[in-house]
1. Summarise the accessible area of the chain (1.4 Å probe, protein heavy atoms) by the percent that is carbon and sulfur.
2. Multiply the residue separation of residue 118 and residue 275 by 0.36 nm, subtract the distance between their alpha-carbon atoms, and state the gained length in nm to one decimal.
3. 222 nm [θ] for the chain, helices only, -39500 (n - 2.57) per DSSP H run of 4+, per residue, to 500?
4. Between the stretch 104-144 and the stretch 285-357, what's the alpha-carbon centroid distance in Å?
5. Sort all Cα-Cα distances of the stretch 118-225 into consecutive 5 angstrom bins from zero, then give the percent of pairs in each bin up to the one containing the longest distance.
6. Find which of 289, 196, 172 sits farthest along the positive direction of the dipole of the chain, computed with +1 on the beta-carbon of Lys and Arg, -1 on that of Asp and Glu, about the Cα centre.
7. Which trypsin sites (Lys or Arg not before Pro) from the stretch 301-343 combine a DSSP loop assignment with at most 13 other Cβ atoms within 10 Å?
8. After finding the eigenvalues of the alpha carbon gyration tensor for the stretch 57-142, what semi-axes result from the square roots of 5 times each, listed largest first in whole Å?
Amino acid sequence: MAVDVVKVEIKSVSDAAGLEDYIKAGRFKADEVVAVIGKTEGNGGVNDFTRILSDQAFRKVLMDHGTRSAAQVKQIPMVWSGGCDGVITPHATVFARNDETGPMSESRLVMGTALSPKILPEDIGRPAMVEKVAEGVRLAMKDAGITDPKDVHYVQTKTPLLTIDTIQDAHARGHDVFCEVHDSMGVSNGTTGLGIAVALGEISMPKAEEICKNLDLYSSVASCSSGVELDAAQIVLFGNKAGAGGRYRIGHSVMIDALDMDGIYAAIRNAGLDLPERARAEDLKGRLVNCFMKCEADRTGKLRGRRQIMLDDSDVHHHRHSKAAVGGVAAAAIGDPAVFVSVDAMHQGPQGGGPVIAIVDMSGT
């Protein structure tokens, strides 16, 4: 089944007019929208209400223009990443699926979704969570119709984190937990990244003592988020498949550090576009839909041998520093500040860098 992809700007905290315009213009039907991945303008923290406002606005458009029930629309995966630090523009990438197919000689974008088995609070940060996430990723591959892990280029997840209530629940059942509440977002994301890597054969099953410790273990296609609203891993997986139809392809690479612009162009080449050796934004000629990347401050406090102060700053969290920096590099690389940059990248790409995923339009190439 062919996947259509569009990027729309979010012009206010509750704006979804860009999605509505595409539906009214007949680009796709509301009932064909199967996922949304977006950046909102809040602080990116637990109390970031802009994610809720965008979620409500986009789901309302699908309700107003489609035939699916409220319960069905609620099940559509929508991943909202808060925080548009620096030059990042609030925006959403919308994925719609129809019943078109294409020639087997052409490999095009496909998507699959799945839920992992229930993740208990005592699983977070431990091999049990790695195994459960890996099981969910394999289910999402099956849903996408992908059999070769090498055809998978992007796995976006949302997983549970710890709260006081879930910690007390674990204790009441005789279990301890890996970490405290405030560390659990990064730990949940990192453990999930390892589960993705195991499922796709990027690494073998890690030892318990390597989880959130051995940062040489990572996935090159993982983009992991976590929250309080789930008790399992919600998985949205993208790859390429022969005969899928449509005109889009997806590819990936990694940024080795926050300045690695070449890593961004490598992902675009991997998706299928030919670029000159020393590429510039002008070489994309409007064929890039969007890039998705993860990043975080280098734990050594160095960048290409130079001292960094992100981890020492008591006024601005290092997540905001790194997101703004990588967002600026990415915007310069692609000539568009509407780029998806998310933080908390443990076990997602190399330490101090992160995965880069690119979706490109292959029509006319």
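The values are calculated or read from the model by the stated rules, or taken from the named source; none is laboratory data. Computed from a predicted model, the values in this text were never measured in an experiment. Every residue, glycine among them, receives a Cβ derived from its backbone with ideal geometry; neighbour counts consider all protein chains shown. Accessible surface areas use protein heavy atoms only, side chains included; no ligands, DNA or RNA. Shrake-Rupley method; radii C 1.70, N 1.55, O 1.52, S 1.80 Å.
1. On the way: 7860 of 15770 Å².
It is 50 percent, rounded to a whole number.
2. Working: separation 157, 0.36 × 157 = 56.52 nm, distance 4.37 nm.
Extending this stretch completely gives an extra 52.2 nm.
3. Details: 8 runs with 100 residues, N = 365.
Helix contribution divided over all residues of the chain: -8500 deg cm²/dmol.
4. Measuring centre to centre over Cα atoms gives 25 Å.
5. 2, 13, 24, 23, 17, 11, 6, 3, 1
6. So the residue we want is 289.
7. Working: sites: 302, 304, 306, 307, 320, 323; in loops: 304.
Passing sites in the stretch 301-343 are 304.
8. Values: eigenvalues 144, 100, 62 Å².
Taking √(5λ) for each Cα gyration eigenvalue gives 27, 22, 18 Å.
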